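Here is the structure we will look at, set down as structure tokens.
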Amino acid sequence: MRLRHAAAILALTLAGALPARAQVSVCIWGTITGPDALVNGMSYGIRDYLESLNQTKGGIAGQKVNALLLDGRYKLDEELKIYRRCVDQENAVFISGWSTGSVKALSDQITQDGVPFITQSYASEVLDPKKFPYIFMAGPTYEQQMIIALRDLAAKGGKRVVIMHADNEYGRGPVNVIRQSGVVNQLGLQLVDTVEFRYDAQDLTAQMLRVKSRKPDMVYIQASTPQAIVILRDAAKAGLAGKLFIGNLYTISPTIPEQLGEAAEGFRAIQAYQFYGTDIPAMKQIEAFGAKAPIEKKDMYYMKGWMEGIAIAAAVEGAIKQNGGKVPADIKQFREAVRQQMEAQTKLDDGGITPPLDFSNHQGFVQARIAEVNGGKYVPVGDWIDAR
Amino acid sequence: MNTRHLVIAVAVALLMGALSLAFGRFGAYMVNAVAIAGIGALSLNLLIGYGGQISFAQGALLGVGAYTAGNISNAGGDGLLAILGAGVMGAIISALIGIPALRLRGLYFAIATLAAQAILEYLFKILDPITNGVSGLVIRPTTILGIPMTSDRSLVVPSLVILVIVWVAVSRLMRIDLGRSFLVLRESEIVAKGMGIDVAHAKILAFFASGFIAGLAGALAGFANRLASPEAFTLDLSADYIAMIIIGGLGTWTGPLIGAAFVVLLPEAIQRVGEAAGLSDILSPLRELAFGLLIILFLIFEPRGLTALLSRLKPRSLAVPAPGAVPATGESLPP
Amino acid sequence: MSLVAREVTIRFGGVIAVERMALEVSPGEIVGLIGPNGAGKTTFINCVSGTYRPHTGTVRWLGDELLGLSPSTLLRKGVARTFQNVASLHDLTVLDIAKLGASARKDRQSGGHLLDFFRSDSALERELLEQILEPLELADVAHKPIQTLSYGRRKAVDLARALAAYPQLLLLDEPVAGLTSHEGMAMAGVVRNVRDRLGCAVIMVEHKMDVVMSTCDRIVVMAAGSKIFEGLPAEVQADPEVRRVYLGEP
């Protein structure tokens, strides 16, 4: 009898999982709850752009889009589960995925399944159009971001560099690539220390004292906003100025100046997308959308998501048009057509969020600039630099 | 009794197999996840539910299995060899974790297993040649007895076969002298010693057997995920397994599997219900909360878990003994 | 003499619990160990059964030294014991407990547990039912969890466990304490029968004098950790020293 009950639970749960099929389905998973939730704006951005198409144009090429936003919780098994749901049950024609770990674990299967995939992780290993023909990225890799900061220091005559990174793949991977490439020395700089810390560390006072003893001209942070907050807070305690520090793309968050106030002044970070509120055409669309629905995250990551939504929608639209205005009946064909259309985009206008996008090499674009916290706000302090 | 258990185990496996066929790839993945969690929970139930040795290192032990199997398989070994190798490695590491149990008891030992979990997690990160460090070891699709395991559906077969074998083996184990001595050990070491049970021997064997099964589960998890990474085998996973055996019912035969199915499927169920009701934004964060709440409720109202709850719902079940929540042990010797 | 204990002394901190205790028991003999509370009877039994390690002394069984051996080793050498209080063990049936006791008879190498997986124990089950559980009136509850049994029956289960090992030396620690007098006499009868059948030596610590008098072949009286008298049951009652320490007479 017990088993009958168990079976009933199992069956009910799986029955509840029966798919609701739309003709065009895009699946987005991010960290809605979890350690990276502070920088999850792009997940909402993609969804909202696709929703805005549903509202204003009746979807893509006349087809309603089902934009499904799921919570991967930054947990590998959860993300792998969501991937299967997206591919198998939702029949997603495009997937946006989150953590570096999950993208690596799935990289072979993505090829096997032939499903276009945009990664929110900037890990350079999965950016390989030959090996991973279905994986796309929209922005400079972590390594390229680091190089922009290093070049800036060299141009200003600095010398001593400290790199701080978390003790996971996201932290260690790119730092190892930079160290092995010898780029630091090539730029005439000196890497005086590399400090690793626990990803969920809540106190880094000791590490900051060590950093201070190295007398750095610049400290690069390969971590995200939550870690940057701890670093900057404890740096202030140790008497290190905010202007010494520069973080990657995931350290541009209003939360940093909001929480730290004075301690965040002068802190710099890599900016690859226009800020929320900048006077660009895309912002008008966003505001129009925001008039009807609440916008979850008003930050740069949301802009990134909006831009990715534009790219995904354009590829899907191209695939449908190519098929005579109808959605290809076979999902495999549809996905393959979308991949080809994505690659065929070489001068896609995203309303000014980034320079025109070119996905022929799967990376979209590679420029970025440095922004600095000034008066509690991030302000660009340099020109756009090509990071190649 | 044993025949009945065998029949039930096979029937459940067949049912799960049918479900995996009926619900496509996602269904197959979920069935596989339940089977793997079931094997892992059987392992932990053997140790905690039957042997009375609390361990927080289950997550890391699964990791040991995943890394071992991944390395053997990546080196060209057959998947079956990889799974068995993972079992042996899991057993050895588990026995090592159990050594402090010869001196420490109860909560003190539980703390020692916490340390073991932390040490293993650290080793996963630094033993680059074996574990590939923080990047994680990518496990290429394996072949079992020459059959390539490339799809989620193909992996369901070995998982269900192993689940049946482990499930029946645990049932049998509890009917031989060794298993009976675990039960005495759980109630009181003093009593066990007085009865002439070799306590040290029995304890290490409990860890060994439990670790072997954990290794099998870890191997299957590695094949399913195609990646063994330190972030996948943390204390969180240990906590999940403890939740499974508490919710399912500590020291019961069906409990581990019911608990595993519950813990694996509940988040998905909440998610889908939330989506259907248009409340997923609100309900998703509640999943963690729901777990914590459930465990507390079970500990208070039904320490014997879902198994007891279900058998109470069963109309004809009048013959169920009513065991107390706390083992009321009569100490047989003066201190 | 099969069991020869000499000069057994054990202290707990500054308290001398057993001092220079000596005891000899022959096969087939039931020796009653009596004395007031705190005389050191149970402590002495604990020394013989391997639970405590005395500071000095020797305990030899058939010429082998027993001191320093663990209870599990002693059980394999044929030394079994029962306890004053019985544990309530969840999930174990009466038959399970008896089987645990009988497992001492198997001289198993390591890895033998694996063979158990494939071995049927129905023959053992039948034997235990007929030889042990039936005489102790436990056959009808053989498949019941022991926590459902009354205290008296649980004590019988504890005795069954010890007997299932087919011991050569049986140590009984207050086997009838807490039992009704009817139950107590029945238990005593079983002990005699077992002795008759197995020919084992028995040491019985007991307070109930009627049981001791009717069961034991010889009686040893302890007081303050030492032996103060040894003799036949009839002699014990007559001894003035025993009456003084034991019954508190002047």
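The values are calculated or read from the model by the stated rules, or taken from the named source; none is laboratory data. The shown structure was predicted, so the numbers you read here are calculated from the model rather than taken from an experiment. Because the Cβ atoms are built from the backbone with ideal geometry, glycine has one as well, and the counts that use them run over all protein chains shown. Note: areas computed on protein heavy atoms with side chains; ligands, DNA, RNA excluded. Shrake-Rupley method; radii C 1.70, N 1.55, O 1.52, S 1.80 Å.
Summary of values
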quantity	calculated
Theoretical FRET efficiency, 1/(1+(r/R0)^6), r = Cβ-Cβ of C:Arg197 and C:Asp140, R0 25 Å, to 0.05	0.70
Whole-number D in µm²/s for the protein assembly as shown (Stokes-Einstein; Kirkwood sum over Cα pairs; 20 °C, 1.002 mPa s)	66 µm²/s
Fluctuation leader among C:Ile30, C:Ile132, C:Ile16 - chain C, Gaussian network, Cα springs under 10 angstrom	C:Ile16
D (Stokes-Einstein, µm²/s), Kirkwood Cα radius, chain C, 0.890 mPa s at 25 °C	131 µm²/s
Spherically averaged projected area of the range C:34-172 from its Cα convex hull (nm²)	10.0 nm²
Cysteines in the protein assembly as shown that, by Cβ-Cβ distance, have no pairing candidate under 4.7 Å	C:Cys47, C:Cys200, C:Cys216
Residues of type lysines that A:Lys212 reaches as a straight line, Cα spacing below 20 Å, ignoring anything fewer than 8 places off in the same chain	A:Lys159, A:Lys237, A:Lys243
Average beta-carbon neighbours from other chains, 10 Å sphere, peptide C:158-168	1
Label-point separation, A:Thr278 to C:Thr58 (7 Å along Cα→Cβ), nm	9.6 nm
Burial order of peptide ranges C:17-29, C:147-159, A:280-292, A:85-97 (average beta-carbon count within 10 Å, highest first)	A:85-97, C:147-159, C:17-29, A:280-292
Net charge of Cβ neighbours under 14 Å - reference B:Ile246; Lys, Arg +1; Asp, Glu -1	-1
DSSP bridge orientation in the protein assembly as shown - percent antiparallel, rounded to nearest 5	45 percent
Only Lys, Arg (+1) and Asp, Glu (-1) charged, at Cβ; chain B dipole about Cα centre in debye	760 debye
Cα-based Rg / Dmax (Å) for the range C:150-250	14.4, 45
Whichever lysines have a C-alpha closer than 16 Å to that of C:Lys41, once near sequence neighbours (fewer than 8 apart) are set aside	C:Lys208, C:Lys227
The range B:49-145: relative contact order as a whole-number percent, Cα under 8 Å and 6+ apart	40 percent
Cα-only radius of gyration and Dmax that characterise the range B:82-135, units Å	13.1, 37
Alpha carbon convex hull of the range B:41-177, projected area averaged over orientations, nm²	9.1 nm²
Most mobile of C:Arg197, C:Arg218, C:Arg76 in a GNM of chain C (Cα contacts under 10 Å)	C:Arg197
Three principal axis lengths of the range A:163-207 [C-alpha, angstrom, descending]	35, 22, 9
Student exercise, the protein assembly as shown dipole from Lys, Arg, Asp, Glu Cβ charges, in Debye to nearest 20	560 debye
Average beta carbon contacts from partner chains per residue of A:77-83, 10 Å cutoff	5
Diffusion constant of the range A:129-213 at 10 °C, which comes from Stokes-Einstein with the Kirkwood Cα-pair radius and 1.306 mPa s, µm²/s	109 µm²/s
For the range B:2-235, the fraction of alpha-carbon pairs in successive 5 Å shells from zero, as %	1, 8, 14, 18, 18, 16, 12, 8, 4, 1, 0, 0
Nearest-10 value in Å² for the accessible area of A:Lys297, using the 1.4 Å probe	50 Å²
Mean separation of Cα contacts under 8 Å, 6 or more apart, over the residue count of the range B:2-235: relative contact order %	41 percent
Sparse-neighbourhood loop sites, trypsin sites (Lys or Arg not before Pro) in the range A:169-277 - DSSP loop, at most 10 other Cβ within 10 angstrom	none
Per-selection Kirkwood Rh - the range A:240-342 (Cα, Å, 1 d.p.)	16.6 Å
Area of C:Glu127 that stays accessible when all protein chains are in place (1.4 Å probe, Å², to 10)	60 Å²
For the pair B and A, total buried accessible area rounded to nearest 100 Å², probe 1.4 Å	4200 Å²
Size descriptor, Kirkwood hydrodynamic radius, that averages inverse alpha-carbon separations across chain A, Å	21.7 Å
Sequence-separation-based contact order of chain A, relative, with Cα cut under 8 Å and 6+ spacing, percent	18 percent
Number of partner chain Cβ atoms within 10 Å, mean per residue of B:23-31	6
Choice from A:Val177, A:Val366, A:Val65 with maximal GNM fluctuation in chain A (Cα, 10 Å cutoff)	A:Val177
Cα-based shape type of the range A:289-388, given that a ≥ b ≥ c are square roots of the gyration tensor eigenvalues and the cut on a/c is 1.5	oblate
Spatially proximal lysines relative to A:Lys57 (Cα-Cα < 20 Å; intrachain offsets below 8 disregarded)	A:Lys284, A:Lys292, A:Lys321, A:Lys326
